[in-house]
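Following this message is one structure expressed as structure tokens.
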Ligand SMILES: Cc1cc2nc3c(=O)[nH]c(=O)nc-3n(C[C@H](O)[C@H](O)[C@H](O)COP(=O)(O)OP(=O)(O)OC[C@H]3O[C@@H](n4cnc5c(N)ncnc54)[C@H](O)[C@@H]3O)c2cc1C
């Protein structure tokens, strides 16, 4: 493409989240690539970033609850490659569903059989359907892309069992869009879920920082506090990237990879052809609101994760007691809870103050522990993300924009394109690497030494 052989190829990456950092790490393997990451926030990590709530915490806690599944091979492999394998620890915490005021573990066939609110035939039928989805040797997920999860599950599992257990969870995650979600996404959730979970010593921030540091050692420049405002194609080839709030700057790149939301991508690169812009515009998503609460004692007994169906009438969808998986000693003895929900970015939770939300959330905690009193609370932190969960509708496979945009040299890799998998750090690594490989294919003069793409 536009760069001449022999000179350095300048690659600009918008976003220092896991996808941008993974792509940068791969691209920096080429000795003639100059890779520059622009990150809007003061620190790297994006949705997986942590915050240090108090000085006596050993390490930062994720703003949004995070763990890995033990089959998250892409991120586990990268963790080892960058020399952070010793940080990853595997846990087997308890996950439950909150149903009619009580918590029931449902993460194994035995637990499903013990669930008292369904008859034995209903449980067996549900068990068979879930086993079909989880263990099918060649899952027809492409056909699932054309089916709606709501309709299919109600028919196969049976209306009563579906309405009791699965519809509330879909509804919680996708709100008014739950009936539009396709079966491929649901299949991928069941297929990938593992009861054992991974977590980094030092939090996900430790992994992110190590990835950033390893990239820097390979020559990657990471500029934080540097929002990109526009990406304009140049008549001579390459792009002008306008960035920074103060002292605005214009920098030139041969290649640009953007890892931001589809909505922001439309605004950054309005010169993209209409067809691609309308593909970006057609992608829908939910936002996330997550309150972290510190208590002076545990709320739950040995339970890490509680799914809270909307029908329970509580003000949040999920309650995660992080310190029932990770020792509270790492957080100065704080017992840390997340109270979270997926909501449209126009929802009132996005404009309420932390104290207003706390007033709304705290009374619900006595549903999980009758002894709970508000004076157990010693701290609270609120985080919100307007782009947190893509909504995979029917026929989504055809709606996904290509990573190669129609403007040669401009690439786009976001959470909305990791389908059928549910978004996650594993897939941020995967899509970052995939974008890097495409760039290497298109710019053959990049002298990449070790990529699998160039070996084959
Ligand atoms: C509530 C919640 C729970 C989750 N739980 C898990 C979990 O348990 N396990 C798991 O693996 N994953 C989980 N995830 C998903 C995971 O965090 C994401 O899939 C992953 O971090 C996405 O990485 P990314 O790089 O694609 O995007 P992002 O992390 O969104 O990175 C994009 C980056 O671009 C930056 N940016 C935005 N605009 C600009 C601009 N104009 N200029 C420059 N930079 C800009 C942002 O600041 C950000 O750093 C969760 C997410 C949420 C919201």
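The values are calculated or read from the model by the stated rules, or taken from the named source; none is laboratory data. Keep in mind that this is a model prediction, so the values were computed, not measured. Here the Cβ is made from the backbone with ideal geometry for all residues, glycine too, and neighbour counts use every protein chain on show.
Residue-by-condition table, conditions (1) within 30 Å of residue 141 (Cβ to Cβ); (2) outside any loop (DSSP other than H, G, I, E, B); (3) within 14 Å of the ligand (Cβ to nearest atom):
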| position | (1), (2), (3) |
| --- | --- |
| 341 | yes, yes, yes |
| 345 | yes, no, yes |
| 359 | no, yes, no |
| 384 | no, yes, yes |
| 397 | yes, yes, no |
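Using the structure shown, decide if residue 39 is within 15 Å of the ligand (Cβ to nearest atom) and farther than 30 Å from residue 9 by Cβ.
Taking the combined requirement at face value, the residue does not satisfy it.
Tell me whether region 271-283 contains one or more residues that are in the same structural domain as residue 27 (by TED's automatic domain parsing), under 19 Å from residue 226 (Cα atoms) and not in a strand (DSSP E or B).
no
Answer yes or no as to whether residue 153 is more than 16 Å from the ligand (Cβ to nearest atom), closer than 18 Å to residue 421 by Cα, modelled with pLDDT of 95 or more and not assigned by TED's automatic domain parsing to the domain that holds residue 210.
Taking the combined requirement at face value, the residue does not satisfy it.
Something else: Return the total of residues in region 418-456 being closer than 24 Å to residue 47 by Cα, in a helix (DSSP H, G or I) and either more than 20 Å from the chain's Cα centre (by Cα) or modelled with pLDDT under 95 (or both). Please lay out each step first, then the result.
Residues of region 418-456 that are closer than 24 Å to residue 47 by Cα, as a first pass: 418-437.
Add one more test, that the residue is in a helix (DSSP H, G or I), and what stays is 425-437.
Within this subset, residues satisfying the condition of being either more than 20 Å from the chain's Cα centre (by Cα) or modelled with pLDDT under 95 (or both) are 437.
The qualifying residues number 1.
Could you list, in sequence order, the residues of region 54-85 that are assigned to a helix (DSSP H, G or I), within 22 Å of residue 388 (Cα to Cα) and in contact with a strand residue (DSSP E or B) (Cβ under 7 Å, 6 or more places away or on another chain)?
The answer is 75, and nothing else.
Picking from 421, 376, which residue would you name as being touching a helix residue (DSSP H, G or I) at 6+ places or on another chain (Cβ under 9 Å), in contact (Cβ under 8 Å) with a residue 24 or more places away in the chain and away from the ligand (no atom under 16 Å from the Cβ)?
Going through 421, 376 in turn, just one is touching a helix residue (DSSP H, G or I) at 6+ places or on another chain (Cβ under 9 Å), in contact (Cβ under 8 Å) with a residue 24 or more places away in the chain and away from the ligand (no atom under 16 Å from the Cβ): 376.
Go through (1) out of contact with any helix residue (DSSP H, G or I) (no Cβ under 8 Å at 6 or more places or on another chain); (2) in contact (Cβ under 8 Å) with a residue 60 or more places away in the chain; (3) over 30 Å from residue 19 (Cα atoms) for residue 119 and report which single condition fails.
Evaluating residue 119 over (1) out of contact with any helix residue (DSSP H, G or I) (no Cβ under 8 Å at 6 or more places or on another chain); (2) in contact (Cβ under 8 Å) with a residue 60 or more places away in the chain; (3) over 30 Å from residue 19 (Cα atoms) leaves (2) as the failure.
Identify, please: which residue in region 399-416 is part of a helix (DSSP H, G or I) and surrounded by 22 or more Cβ atoms within 10 Å (Cβ to Cβ) and is, among those, nearest to the ligand (Cβ to nearest atom)?
Looking only at region 399-416, we keep the residues that are part of a helix (DSSP H, G or I), and these are 399, 415-416.
Checking the rest, the ones that are also surrounded by 22 or more Cβ atoms within 10 Å (Cβ to Cβ) come to 415-416.
Working: 415: 5, 416: 9 Å.
So, considering only residues that are part of a helix (DSSP H, G or I) and surrounded by 22 or more Cβ atoms within 10 Å (Cβ to Cβ), the one nearest to the ligand (Cβ to nearest atom) is 415.
Quick check on my filter: what residues within region 318-332 are in contact (Cβ under 8 Å) with a residue 40 or more places away in the chain and assigned to a loop (DSSP other than H, G, I, E, B)?
Scanning region 318-332 gives 325, 326, 332.
Another one. For region 288-311, does any single residue satisfy the condition of being surrounded by fewer than 21 Cβ atoms within 10 Å (Cβ to Cβ) and assigned to a helix (DSSP H, G or I)?
Looking for residues that are surrounded by fewer than 21 Cβ atoms within 10 Å (Cβ to Cβ) and assigned to a helix (DSSP H, G or I), one finds at least one in region 288-311, hence yes.
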